[in-house]
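Contents: one structure, followed by commentary.
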Amino acid sequence: MALVALALDLGSKLVVVAELEDTGHPPVQVLPDVLYLVHTRNTGAAFSLGSSYTYVLTAIAIAVIVVILRSARRLASTGWAVALGLVLGGACGNVVDRLFRDGGGVVDFLALVDPFDPPWPVFNVADACLCVGVAILVGMELTGRRIDGSRAAKTGRASEAGDRPGHN
């Protein structure tokens, strides 16, 4: 999953840079009034926050990559594997940009609804993989599914029949 996410991210960024960078090309409408391709660079996090902390953001992403790789040996859940693969691939895609592109700027190119004043920040495939992966992880945790394939045991005295009101 991580390799697929990374390949899609890097491949899409190569195309965007080759076709849209330094060309003055207007936004490319992919789905009318829904999805546009534009080219921008982001040295910060979401919404360009922390743009002067490129090295810190890179260090955090590398730490996330290391934690996921170390956790991989405990994986026995398909859901966790998919989620962590998406997060790993997305983190790797953005780290590659931060380390190897001039100025450490991540290539962003997907704009939703309005290419000139999008309601969300312009993002890339890596960002989408990160968001979807984290959403799956939250869902896995909320439903009690663990990385080792086990299910969390329900705890609390109220769940035991003998402790409920009216049961003796």
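Which ³J(HN,Hα) values in Hz, rounded to whole numbers, follow from the phi angles of the stretch 87-92 under the Karplus curve 6.51 cos²θ - 1.76 cosθ + 1.60, where θ = phi - 60° and Gly and Pro get x?
5, 4, x, x, 4, 5
Counting only protein heavy atoms and using a 1.4 Å probe, what share of the accessible area of the chain belongs to carbon plus sulfur, as a whole percent?
After summing per-atom areas, the C and S share lands at 65 percent.
Mean residue ellipticity at 222 nm from the helices of the chain, using -39,500 (n - 2.57) per DSSP H segment of n ≥ 4 over the full residue count, to the nearest 500 deg cm²/dmol?
When only DSSP H runs of four or more count, the value is -16000 deg cm²/dmol.
For the full complex of protein chains and a 1.4 angstrom probe, list ILE62, ILE147 by accessible area with the highest value first.
So, going from the largest accessible area down, we get ILE62, ILE147.
So, taking all protein chains as they sit and a 1.4 Å probe, how much accessible area belongs to VAL138, in Å² rounded to tens?
Surface accessible to solvent at VAL138 totals approximately 80 Å².
Using only the C-alpha atoms of the stretch 79-130, find the volume of their convex hull and express it per residue in Å³.
73
Pop out the Kirkwood hydrodynamic radius of the stretch 23-140 from its pairwise C-alpha distances, inverse of mean 1/r, in Å to one decimal.
Final number for the Kirkwood radius of the stretch 23-140 is 15.3 Å.
Mind checking the per residue accessible area of the chain for me, 1.4 Å probe, whole number of Å²?
61
Ordering MET1, MET140 by accessible area with a probe of 1.4 Å, largest first, what comes out?
Sorted by accessible area, descending: MET1, MET140.
Which order do LYS13, LYS154 take when ranked by solvent-accessible area (1.4 Å probe, heavy atoms of all protein chains), largest first?
Largest to smallest exposure gives the sequence LYS154, LYS13.
The values are calculated or read from the model by the stated rules, or taken from the named source; none is laboratory data. Keep in mind the model is a prediction, meaning the values are calculated, not measured. Only protein heavy atoms, including side chains, enter the accessible area calculation; ligands, DNA and RNA are left aside. Shrake-Rupley method; radii C 1.70, N 1.55, O 1.52, S 1.80 Å.
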